[in-house]
1. What do you reckon, is K97 farther than 17 Å from I165 by Cα and at pLDDT 95 or above?
2. I want to confirm something. Restricting to segment 78-98 and keeping residues that are within 16 Å of ligand 2 (Cβ to nearest atom) and part of a helix (DSSP H, G or I), which single residue is nearest to R64 (Cα to Cα)?
3. So in segment 195-225, with the set limited to residues that are in contact (Cβ under 8 Å) with a residue 24 or more places away in the chain and part of a helix (DSSP H, G or I), which one is nearest to I166 (Cα to Cα)?
4. Going through segment 12-22 one residue at a time, which ones are touching a helix residue (DSSP H, G or I) at 6+ places or on another chain (Cβ under 9 Å) and either under 17 Å from M55 (Cα atoms) or surrounded by fewer than 16 Cβ atoms within 10 Å (Cβ to Cβ) (or both)?
5. If I filter segment 38-60 for residues that are among the charged types (D, E, K, R) and crowded, with 17+ Cβ neighbours inside 10 Å, do I get at least one hit?
6. Could you check, for segment 61-73, whether at least one of its residues is assigned to a helix (DSSP H, G or I) and either surrounded by 19 or more Cβ atoms within 10 Å (Cβ to Cβ) or more than 16 Å from ligand 3 (Cβ to nearest atom) (or both)?
7. Can you tell me which of I149, I172, I178 is β-branched (V, I, T) and either within 14 Å of ligand 1 (Cβ to nearest atom) or in contact with a Pro (Cβ under 8 Å, 6 or more places away or on another chain) (or both)?
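The values are calculated or read from the model by the stated rules, or taken from the named source; none is laboratory data. The structure presented is a predicted model; accordingly, all values stated were derived computationally and were not measured. Quick reminder, even Gly has a Cβ in these numbers, built from the backbone with ideal geometry, and neighbours come from all protein chains shown.
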Amino acid sequence: MTANVNQGLWTAVDEYLNEVLVGADESLEHALAHSTDAGLPAIAVSPTQGKFMMMLARVQGARRILEIGTLGAYSTIWFAKALPADGRIITIESEPKHAEVARENIEAAGFGGMVDVRLGKALDVLPDISAENLGPFDFTFIDADKPNIPEYFDWALRLSHSGSIIIVDNVIREGAVIDADSEDASVQGVRRLNDRLARESSVTVTTLQTVGGKGYDGFTIALVN
Ligand code: SAH
Ligand code: DHB
Ligand code: MG
């Protein structure tokens with residue numbers, strides 16, 4: 001990522017917000033520390049983003065959540081906090097090491113009975129989830145490899161109902177999203193999603209740009225009509 005002169009300030013403000021508004025949480029902090037110790041990349045959603053999605057899932061009354069891209073289950077644990085005791089999360093991860101760390105973190109957070117970590121490439125696992133009738137999901141978080149974002153969105157839509165929310169992470173990419181000629185497959189993944197959304201009448205959708213400790217990025221929020 002290119003450096004931004006404001007990055008230090010964005011990070012400091014995120015730290016301030018985490019301290020005054022998000023607060024310490026043992027299971028989330030353990031999940032991050034254990035992920036770092038295990039050598040996982042530091043690319044989980046930020047605390048304020050995790051809390052925002054938790055609140056959105058709670059407002060919606062979500063009971064079933066689908067996540068594509070688990071990493072060490074930091075976002076997964078935020079979602080688990082939104083759910084009632086009989087809620088369910090299915091989260092898909094293709095890296096065995098990540099899935100292993102995620103399972104340990106979920107167990108340590110006390111959500112072992114609520115979360116199913118599915119190991120495999122999302123495009124292989126999603127047809128199984130559909131065939132097993134595990135949907136529809138009230139909320140889907142798309143946060144795996146970016147070139148496949150449009151395909152993941154199609155699956156999310158197929159596994160949704162009227163009122164479902166679909167969030168797609170990392171859709172601004174430091175502004176690179178506006179470059180139609182970008183040779184970055186992740187940028188083109190986002191652009192294909194946006195082209196598809198422009199023609200999609202079954203969702204009400206917006207995208208918010210974000211800055212913070214994770215740089216300049218953003219997420220798309222779709223509400224299924
Ligand atoms: N949602 C997590 C971060 C996910 S990072 C959080 O906020 O805490 C993206 C994850 O997607 C990585 O762990 C990566 O291994 C996984 N991934 C990449 N390609 C994938 C694929 N094709 N199928 C499933 N997972 C994939
Ligand atoms: C990366 C992936 C993410 O989901 C994210 O939020 C930030 C970075 C990455 O692959 O570099
Ligand atoms: Mg992400």
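1. Yes, satisfied.
2. My answer is F79.
3. Ranking the qualifying residues of segment 195-225, first place goes to L197.
4. Matches in segment 12-22: L17, N18, L21, V22.
5. Just the residues of segment 38-60 that are among the charged types (D, E, K, R), to begin with: 51, 58.
Then keep just the ones that are crowded, with 17+ Cβ neighbours inside 10 Å; that gives 51.
Yes.
6. From segment 61-73, those assigned to a helix (DSSP H, G or I) are none; that's our starting set.
No.
7. Among I149, I172, I178, only I149 is β-branched (V, I, T) and either within 14 Å of ligand 1 (Cβ to nearest atom) or in contact with a Pro (Cβ under 8 Å, 6 or more places away or on another chain) (or both).
To keep it simple, each residue is scored yes or no on (1) among the charged types (D, E, K, R); (2) more than 17 Å from the chain's Cα centre (by Cα); (3) within 25 Å of K51 (Cα to Cα).
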site: F141; (1), (2), (3): no, no, yes
site: I149; (1), (2), (3): no, no, yes
site: F153; (1), (2), (3): no, no, yes
site: R158; (1), (2), (3): yes, yes, no
site: G163; (1), (2), (3): no, yes, yes
site: V203; (1), (2), (3): no, yes, yes
